[in-house]
Amino acid sequence: MKHMLLQIALLAALDAAAQTSLEGRVVSGDAPVPFASVGVRGTTLGAAANLDGFFVLPSLPAGGYLLVVSAVGYVTEELAVEVRPGQTNRVEIALREATIEAGDIVVTGTLIETYVKDSPVKVDVIAARFLEKIPTANVMDVLQQVNGLYQQIDCAVCGTNNIRINGMDGPYTAVLIDGMPIMSSLATVYGLNGISPALIKQVEVIKGPISTLYGSEAMGGVINIITKSPQTAPRFSINTFATSDAEYAVDLGVVPSLGRIASLLSATFFHNDRFLDDNGDDFADLTLNTRVSLFGKTSFADRRGRQRLDLSSRYYVEDRLGGTRAFIERFSDALRGSDTFYGETIRTRRLELLGSYYFSDAAGAKLSFAYNDHRQDSYYGRDSYQASQSTGFVQGLWPLQLNARHAVLLGSALRLQRYDDNTGSTGRYDAGGELVRNRPDDRFIPGLFAQHEAVWGPAVRTLAGMRLDYQGDAGVIASPRISVMVSPGERSTARLNLGTGFRVVNLFTEDHAAYSGARATILLEDLKPERSVSGTLSLQHILPLGIRPLTIDLEGFYTYFTNKIEPNYETAGLILYRNLAGSATTRGLSLTLSQSMGDLPLSYTAGITWMDVFVRESGGRMPLEFAPSFQGAFNATYRLLGGLAIDYTANLTGPMKLPEYAPPFSRPAWSPTYSVHNLQVTKDLDLPGGSLVQAYVAVENLFGYTQPAPLIDPQNPFGDRFDTAYVYGPIHGRCLGAGVRLMVR
């Protein structure tokens, strides 16, 4: 026994000798750079400098490393260091002041934390400050303020919506929470609306092919919602607001102190119950809604302070109510599914669990997992839609830093999906409507992927990857991609991304009209999986302009589809589905200007995206419905003395092709160009200890623009002609809001 204990002690001593620490100081000239971020490239190891610029990276195995050092207002630097065993290693790192801010840390492009300027994949970062420019408890309302993103309302009664990237339908976008794909299909339509901006640290958006990392269904792009970290969130926060449309919301957040366990607990409540009918069609312009979201996030660290385990969970409950005045004012459960008054009710219950386990080796390997359970109890007029969807996801990542210039990421993933409803999509019914056999849609999708990132010099970086997924009805699916970044100077960057996509379509989880009861779904053939080839080319240049640097982003995008599936609404009461015999194309050009005035307290971002979205079939060329020909976004912030800030946001939407209807219900086949403007004034009041109170007042849809009544044949809502899909713009007009936000550090 003594001999065994001696061996164990000797091994422990050898392990301790092999571990060492790296100490250093971050400076700029002779002055320290406080709170600089120091990370080891290709790993999850990192530290933050203190007020005097000092940092410590403990317990590093001996070897060579590439440090990545950044701070707001400074150029990010990379420094190769050699860590020798059995001694304390010291280094001093000098940073240069940047023309513009160094950029945020992002994870979406490569699955490894990196900086915006260093990512071969173009990533747009929406900071938490931007999310506060509109008083809303719904992140969807904010995302549409970003150039190239557009919120499409699918149903004028129940408010179903989706986010389009560069004109492509919502299902072509992979929506992630903390890098995990748990917002798929049916869950995306309703679950994304329940995420409050108060929970969000930042949103990362990639427009274009990213299929190697996130699956072949990410054909249009990725929206990754990064939630706040318990280590950096305020100890206590509350945000409450109300609007003139009788909308009320409260967000609460608390960070309890638990030693090596860091936790964040949050609760969100939203409610509106006022019937509004400004267009006079006897239907509510604004869907009534009550929702509660409970969120918890916990991080566990080991004795050395290294992050070991992250766990998050969210429970979400929502009740939606839309319909005629009589239905809403006299509503009770007895009216659900009746033909006394027309109404639509959607009751959603959703549970999300996700987490990551970080292995102890310095390479940064981790195992991530996620699970969601989505239950929906809906009635659309007389028709019932009861559905459940569960998704389990496990992913392992193993990053390998081969040397200072080459890194490899290896990964494997497994997705389990189950979808079940009370329609013929997942069941066989007899002539009397009785269920004969239930056949849930079960999918088992394993995958492997690998990518290689290389730094070929100060001006060129490349990222090449391949993903292999297996789907039972399609076999092995290969999804290659390549990204090239060229930076001929500190102020100029060019990025080229190329990739492929593959998507198996489940109509009943993606198209509201297919299960709303308003139309019957007809499949004209066995639908084949969609395939695509995509590319984006982006150019960024910074014009110094003295103390008023101007950033210019120009991006071109192109996606070519085969077997594309598009709904045909031309037959009253029906939606006809089939694969296109030809092809579909999404192409366009985007321009964004961003500027901070050094001598004025003013900053702004202005962008416009031109889109050409069409199909070719039988020698003809036809535009796709609900894809605007152009879309613009503008936001500006002006800071006044005394802690006052004025935020102005606006979006511009060009003409889009709309569904056509036979007389006497004819409507214009194209929408007009319109714009929506918002204004908010915020007053900051600093409190002792770094705490902050913010009071704000806002006007949404400042000029009150609304489209004409969107419903087709609203006088006969139980008839075959009734349709809720003719929505291209706002349905309700000007809205006033006010709120108070408190953050205790």
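The values are calculated or read from the model by the stated rules, or taken from the named source; none is laboratory data. Everything numeric in this text was worked out from a predicted model, so none of it was measured. No Cβ is skipped: glycine too gets one built from the backbone with ideal geometry, and neighbour counts run over all protein chains shown. These accessible areas exclude ligands, DNA and RNA; they are computed on the full protein's heavy atoms, side chains included. Shrake-Rupley method; radii C 1.70, N 1.55, O 1.52, S 1.80 Å.
Which strands (runs of 3 or more DSSP E) sit wholly inside segment 426-503 and have at least 2 residues that are within 28 Å of the chain's Cα centre (by Cα)?
Correct list: 441-455, 460-471, 475-489, 492-503.
Restricting to segment 116-150, and then to whatever is under 26 Å from Ala627 (Cβ atoms) and among the polar types (S, T, N, Q), can you tell me which residue is most open to solvent (accessible area, probe 1.4 Å)?
My answer is Gln144.
Do we find a residue being farther than 30 Å from Leu593 by Cβ, part of a loop (DSSP other than H, G, I, E, B) and either open to solvent by less than 40 Å² (accessible area, probe 1.4 Å) or at pLDDT 70 or above (or both) anywhere in segment 59-70?
Yes; the residues of segment 59-70 include at least one that is farther than 30 Å from Leu593 by Cβ, part of a loop (DSSP other than H, G, I, E, B) and either open to solvent by less than 40 Å² (accessible area, probe 1.4 Å) or at pLDDT 70 or above (or both).
Look at Gly323 and say whether it is at positive phi and surrounded by fewer than 18 Cβ atoms within 10 Å (Cβ to Cβ).
When the stated conditions are applied, Gly323 does not pass them.
Which one of these is at pLDDT 90 or above, touching a helix residue (DSSP H, G or I) at 6+ places or on another chain (Cβ under 7 Å) and polar (S, T, N, Q): Asn272, Asn289, Asn239?
Result: Asn239 is the single residue among Asn272, Asn289, Asn239 that is at pLDDT 90 or above, touching a helix residue (DSSP H, G or I) at 6+ places or on another chain (Cβ under 7 Å) and polar (S, T, N, Q).
Please go through segment 329-359 and give me each residue that is open to solvent by less than 20 Å² (accessible area, probe 1.4 Å) and within 33 Å of the chain's Cα centre (by Cα), ordered by number.
Scanning segment 329-359 gives Gly343, Glu344, Thr345, Ile346, Thr348, Arg350, Glu352, Leu354, Gly355, Ser356.
What are the residues in segment 625-670 that are modelled with pLDDT under 90 and of a type in the set (Lys, Arg), if any?
The answer is Arg639, and nothing else.
For segment 598-642, which fully contained strands (runs of 3 or more DSSP E) count at least 3 residues that are in contact with a strand residue (DSSP E or B) (Cβ under 7 Å, 6 or more places away or on another chain), within 20 Å of Asp553 (Cβ to Cβ) and open to solvent by less than 70 Å² (accessible area, probe 1.4 Å)?
602-617, 630-640
For segment 721-745, enumerate the residues that are in contact with a Lys or Arg (Cβ under 9 Å, 6 or more places away or on another chain), closer than 13 Å to Tyr661 by Cβ and modelled with pLDDT under 90.
Hits for segment 721-745 are Asp723, Ala725.
If we scan segment 348-363, do we find a residue that is among the acidic types (Asp, Glu), farther than 30 Å from Arg41 by Cβ, part of a strand (DSSP E or B) and in contact with a helix residue (DSSP H, G or I) (Cβ under 9 Å, 6 or more places away or on another chain)?
yes
Exactly one of these conditions fails for Pro655: (1) in a strand (DSSP E or B); (2) within 24 Å of Leu149 (Cβ to Cβ). Give me its number.
(1)
Being modelled with pLDDT of 85 or more and among the acidic types (Asp, Glu): is that true of Asp469 here?
yes
Working only within segment 686-700, note down all residues that are surrounded by fewer than 17 Cβ atoms within 10 Å (Cβ to Cβ) and modelled with pLDDT of 90 or more.
Val693, Ala695, Val697
Give the residue that is farthest from Ile200 (Cα to Cα), with candidates limited to residues of segment 268-282 that are assigned to a loop (DSSP other than H, G, I, E, B), touching a Leu at 6+ places or on another chain (Cβ under 7 Å) and open to solvent by less than 50 Å² (accessible area, probe 1.4 Å).
Asp281
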